[in-house]
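Okay, structure first, notes after.
Values in this text are rule-based calculations from the coordinates and carry no lab data. Keep in mind that what you see is a predicted model, and the values were worked out from it rather than measured. Neighbour counts run over all protein chains shown; Cβ positions are idealised from the backbone, glycine included.
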Amino acid sequence: MMTRAAAFLFLLASAVVANDTITRGNDLAVDVANDGRLVMDLGGDAWLVPLAGGEALRVDGSPGALTRPRWSPDAAAFVYTATVDDQHGIWIHDRISGTSQRVSRDATLDIHPAWHPSGERLVYASDRRGLGFDLWEVDLPTGLHWRLSSRPGDETGPAWSANGRHLVYIHRDGDTWSLVLRLHGKPEETLVSGPERLAGPSWRPDGSLITFWRDTPTGVALDMVILSEPRLVRRYMDGENYSATPVSWLDKDRMFYSADGLIRQRLFDAWSSRTVPFRATVEARHEAVVERVRRTLPHLGEPPGTLVIHAQRMFDGIDGTWRRDQSIVIERGRITAVTDHRDHGDAIVIDMGDLAVIPGLVDAQTRLPGDVDAGVGPLILATGVTTIVADNDQAEHLNTIWSGKDLPGPRVLAAADWTVNAFSGLADSQTPGVDVLLGSRQARLLEVSGPIARRFSDPPSIDSGVTDIVLGTAPNGLAPGLGVHAELYALEAAGLEPEQALRAAGVNAAAALGVDPTLGRIAAGAVADLVFVDGDPLSDLADALKVVAVVRNGRFFSVAGLVERKETVETVE
């Protein structure tokens, strides 16, 4: 994005509707019904495809963000998972009425639904207790749910045999993955175990074997366990870019799966597969050029005079290295210069010693309760978060209060006016370091209690080369301020370098909000939002939480002073 300080013109997407034809998808899941119809997920919708291929028909009536559809035994419905209002749950689409109904009964992460052959029950994996995925079952006519397993770690990918008597699933405990068979009336049996990731078990309809996906050094392969005595484990196929969702069997000889973004059909005793071609016609939005003026941040309560901050180490928000011995000159809430350290005459100079300074952190979408206590502002600021976008009726009022010196807090931008359509939201209970974060002093001050919810079956990853991620915390459900640090950890775990994660909460967020270069960087013309930390967050993101002091809106606050302000407010109340 251009960075001139004056108002300027830039490109904005405007709806121009056209039709595009798609012939392959990304990480497709496909399932075949007993009448030969195929259903697949594509672009968050379900699509029906003829058995021999051809024109795909989009299924209306789903709530969106649909994945992994699976036909009911009578082909009258299909079950799937979907994310609605940041909650990932299980839904059933009725083909007769054309409507979908939610099966999950709360906000718990429920995944991998599979039908019992009776068509009246579903087995699925759920982290309902917050201790890892267990297997659960629901009786659809009554809506009753009950737990089937309770092992350490995760039990996922359940599948019933065709006669409905036997169950197979994946068990992960630490670094060990196992394929577990539960034969009716017998103890559980581990069929395969090892350090390689396993996924998507599926029964051959005659019950003679179970296929499953296994990670190998050269990619994903399909293996099978022949249920003879003794059991035999054999490689069935490899060499393609497979989607590790369960193989779908039309009968004991014909199977369907997805590879390289295509639907594949294979005869069990064949040496090769064939493509089932499809054409999905989708409504696309193309871009048109329109004019718009770059947005500016309001000036509120900036202090008079000149303040100079001397920093031995400074991350300017752009360059991934430290700049040494810098002076940051601040006038009326804005940075007017960044220079090598020198004498600045009669100006007030604050020497931060060997502390590191980084730009104030930006949360492009957070959850701020409607009845939020304004006294929490200093505690959010103490986490290093200096700007938040929130859907809150008090946003303008809080922004005014928190921009002053008596009760400082982050800049608050109303989500209705500052919407960012795409942001990270990757943190959950699996995020490395989140348990330490929940036990931190900041968490205690913000009165954060209880574990963060689990939202992903496997830790999220970010494709190599993607560097324009914008940090937003609304999906992770943590308190404002604390949630930003959980997202930083999650971004690093997903594959970003520390400086890239910091940019997600800096210049990337500023660009998405249309206020680059005023936010997210330490440079002339930017707002004076600075965070001083005791450590090296470019090497260890956990150090970004070691906040000693903050400059917000051109005013300097120590963390001890911020906490004291909060306590003073509580005493007065």
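Details
- Neighbour-limited loop hits for trypsin sites (Lys or Arg not before Pro), segment 139-187 (at most 16 other Cβ within 10 Å; DSSP other than H, G, I, E, B): ARG165
- With one equal scatterer per alpha carbon and no solvent term, the Debye-computed log10 I(q)/I(0) for the chain at 0.11 1/Å reads -1.03.
- One decimal place: the segment THR99-ASP371 gains 94.3 nm when fully extended, by the rule 0.36 nm per residue minus the C-alpha distance.
- Inter-part distance, segment 120-157 to segment 329-355, computed on C-alpha centroids, equals 59 Å.
- Structure-based [θ]222 nm, the chain - -39500 (n - 2.57) summed over DSSP H runs of at least 4, per residue, nearest 500: -3000 deg cm²/dmol
- For GLN365, the residues 5 or more places off, or on other chains, whose built amide H falls under 5 Å of its own are VAL389, THR473, ALA474.
- Put a dot 7 Å past the Cα of LEU267, heading toward its Cβ, do the same for GLU55, and the two dots end up 3.1 nm apart.
- Here the gap between ARG129 and SER558, fully extended at 0.36 nm per residue and compared with their Cα-Cα distance, gives a gain of 150.5 nm.
- Pairwise label distance in nanometres, LYS186 with ASP458, each label 7 Å out on the Cα-Cβ vector: 3.0
- Most positive-pole-ward Cα, ASN476, ALA390, GLN500, against dipole of segment 306-572 from beta carbon charges: ALA390
- When GLU188, GLU283 are sorted by how many other C-beta atoms sit within 10 angstrom of their C-beta, beginning with the fewest, the order is GLU283, GLU188.
- Once the Cα-Cα distance is subtracted from the 0.36 nm per residue extended length, the ARG444 to ARG231 segment shows a gain of 71.4 nm.
- Among HIS166, HIS344, HIS299, the ranking by other beta carbons within 10 Å of each residue's beta carbon, starting with the fewest, stands as HIS299, HIS344, HIS166.
- Two-site FRET efficiency, ARG24 against SER193, from Cβ-Cβ distance with R₀ of 41 Å, rounded to 0.05: 0.70
- Viscosity 1.306 mPa s, 10 °C: Kirkwood-radius Stokes-Einstein D of segment 306-572 over Cα pairs, µm²/s: 87
- Oblate is the label for segment 105-208. Its Cα gyration tensor axes, ordered a ≥ b ≥ c, give a/c of at least 1.5 and b/c at or above a/b.
- Whether segment 445-492 is rounded, prolate or oblate, judged on the alpha carbon gyration tensor where a/c under 1.5 counts as rounded: oblate
- Ordering PHE423, PHE556, PHE268, PHE212 by the number of other Cβ atoms within 10 Å of each residue's own Cβ, fewest first, gives PHE268, PHE556, PHE423, PHE212.
- Take each peptide in 66-74, 117-125, count the other Cβ atoms within 10 Å of every residue, and average; sorted highest first, the result is 66-74, 117-125.
- Computed from the C-beta positions of GLU396 and ALA347, the FRET efficiency with R₀ = 30 Å rounds to 0.35.
- Global geometry of segment 17-285, whether rounded, prolate or oblate, following the gyration tensor of its Cα atoms and the 1.5 cut on a/c: oblate
- Placing a pseudo-label 7 Å from each Cα along the Cα-to-Cβ vector at ASP325 and LEU300 gives an inter-label distance of 4.0 nm.
- Inter-part distance where segment 492-531 and segment 257-277 are each reduced to a Cα centre, Å: 46
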